[in-house]
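Asker: Please find one structure pasted underneath; my questions will follow.
Any read-out appearing in this document is the output of simple, stated calculations on the displayed coordinates, not a laboratory observation. Being a predicted model, the structure only gives us computed values, none of them experimental. Positions of Cβ are generated from backbone atoms using ideal geometry, with glycine treated the same way; all protein chains shown enter the neighbour counts.
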Amino acid sequence: MIEENYVMWLARIDGISTRKKLEILEHFKTAKDFFNASVSDIRTFCEKNRINVKNILDVKNEAIIEKYINELYRHNINFICQNNKSYPTLLKSIPDAPLGLYIIGEMPDDTYNKVGVIGARKCTQYGAMNAYKFGKELGQNNVVVVSGMAMGIDSMAHKGALDGNGKTIAVLGCGLDIVYPPSNKGLRDEIANNGCVISEFPIGTPPYPANFPTRNRIISGISDAILVVESAKKSGTLITVGQALEQGRDVFAIPGNINSAMSEGTNNLIKDCAFPVTNVDDILSNLGILYKYSKDNNFIDNNNTDIDNIKEKSENTKNLLAPDEKIVYACIKESPVTIDEIILKANINIQTAQYILTMLELKGHIQKIAGQRYIRAL
């Protein structure tokens, strides 16, 4: 049986902190050696270091390890320990690094810069737009977006990275056999195909509220820097910021409306400890990355704008859109149309129209021009 299986066994022992488990590994050298140690040696060490020995002896059984292994196979999940080359070096350096990670997909290696993008679940349209925009532009520049796959800012950052043909990592606060939130099943599958979904929690662990502050140290620990997109004054986001600062990570924040409660947290961070950012260049320059893509690129190359190509691109675009986006996109032609005309043609309300138009514009499928009018991107 390989060392990683014994590490997984050790990680799953209840009632013993991660730091105590790391002390065990430091003393016994390997998890396999600890498992095979005599009861007397284990008892002596645990009593000396105030570790609950009963919790260990109750599960000191190879049949239990075999059960854990079979669970992994059944759910197509892998487990990597700190000695595995796929385990992120940055994460390994934090004081309470997980002994191992459950993973679906492939961990981007250490040559990639990684930025954690965090913020409110119940975000505003302003927050959602910026999470998507920064996620996409980071992805376009080969920067891995790390987030928690929650609703709101997290989900929009992941989607932006994917649409920017980048890699992204989702860190969950539950077992990987559980999709949380359930509505993000499709997003989780996309992330697994373009990065990975990870958790330190064993298979079957529900998304208990107490798990999320614990998982947040992984988001910051795996990242070179943290970007706070939108946060209220009292928010779980601020816990992650505190962990990031303790880990020596830079913290960036997007300024928000001073009259918005949802921007109070981010604006306070800028006053206290965070670097204000207004575009992705601010982050890339801090990471020492040159901006590789022109932000003025049109959806269709300027040197290839004949009508046949425009039609072909439009048809390709339709195939990439969600059903509600297709309806709005169909209302927009090469000739400018107003939002009122779109609302009338699509039979939708103004809030829905504004949101969909924003997303289509961010994805580069349409352009907003003077007079609050829209055309298809050329």
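Asker: Of the peptides 222-234, 273-285, 122-134, how do they stack up when ordered by the mean number of other Cβ atoms within 10 Å, highest first?
Answerer: 222-234, 122-134, 273-285
Asker: Could you work out how far the C-alpha centroid of the range 217-287 sits from that of the range 330-364, in angstrom?
Answerer: Comparing the Cα centres of the range 217-287 and the range 330-364, I get a distance of 32 Å.
Asker: Is it possible to state the helix-based mean residue ellipticity at 222 nm for the chain, with each DSSP H run of 4+ residues giving -39500 (n - 2.57), the sum divided by total residues, to the nearest 500 deg cm²/dmol? What is it?
Answerer: -13500 deg cm²/dmol
Asker: Given the Cα-Cα distance of Lys185 and Ile339 and 0.36 nm per residue of separation, how much length would full extension add, in nm?
Answerer: Gain in length upon complete extension: 52.2 nm.
Asker: Assuming a ≥ b ≥ c are the square roots of the Cα gyration tensor eigenvalues, decide whether the range 2-160 counts as rounded (a/c under 1.5), prolate (otherwise, with a/b larger than b/c) or oblate.
Answerer: prolate
Asker: Compare the peptides 173-182, 55-64 by average per-residue count of other Cβ atoms within 10 angstrom and give them in order, highest first.
Answerer: In descending order of packing, they fall as 173-182, 55-64.
Asker: Starting from 0.36 nm per residue, how many nanometres of slack lie between Lys271 and Asn286 once their C-alpha separation is accounted for?
Answerer: Taking 0.36 nm per residue and subtracting the Cα distance, the gain is 3.5 nm.
Asker: Please say if the range 1-52 is rounded, prolate or oblate, where rounded means a/c under 1.5 for a ≥ b ≥ c the square roots of the C-alpha gyration tensor eigenvalues, and otherwise the choice is prolate for a/b larger than b/c and oblate otherwise?
Answerer: oblate
Asker: Identify all lysines with a Cα-Cα distance to Lys32 below 21 Å; exclude those on the same chain that are fewer than 8 residues away in sequence.
Answerer: Cα-Cα hits under 21 Å: Lys20, Lys21, Lys48, Lys54, Lys60, Lys67, Lys85, Lys92.
Asker: For a 32 Å ceiling on Cα separation, which of these pairs sit above it: Lys234/Lys326; Lys114/Lys363; Lys136/Lys333?
Answerer: Exceeds cut-off: Lys234/Lys326.
Asker: When ranked by the protection proxy of mean other Cβ atoms within 10 Å per residue, highest first, what sequence do the peptides 157-168, 105-116 form?
Answerer: Per-residue mean Cβ counts within 10 Å order the peptides as 157-168, 105-116.
Asker: Quick one: what do you get for the chain if you divide its Cα Rg by 2.2 N^0.38 Å?
Answerer: Normalised by 2.2 N^0.38 Å, the Cα Rg of the chain equals 1.13.
Asker: Here is a further query. Kindly identify the range 154-299 as rounded, prolate or oblate by the Cα gyration tensor criterion: order the square roots of the eigenvalues as a ≥ b ≥ c, call it rounded if a/c is under 1.5, otherwise compare a/b with b/c, prolate if a/b is larger, else oblate.
Answerer: oblate
Asker: Same structure, new question: Tell me the relative contact order for the range 3-75 as a rounded percent, counting alpha carbon contacts under 8 Å between residues six or more apart.
Answerer: Over the range 3-75, the number comes to 37 percent.
Asker: Then there is this: Once R0 is set to 45 Å, what does the formula 1/(1 + (r/R0)^6) return for the Cβ-Cβ distance between Thr352 and Asp33, expressed as a FRET efficiency to the nearest 0.05?
Answerer: The calculated FRET efficiency here is 0.15.
Asker: Only bridges with both residues in the chain count here: give the DSSP antiparallel percent, nearest 5.
Answerer: Roughly 40 percent of the DSSP beta bridges within the chain come out antiparallel.
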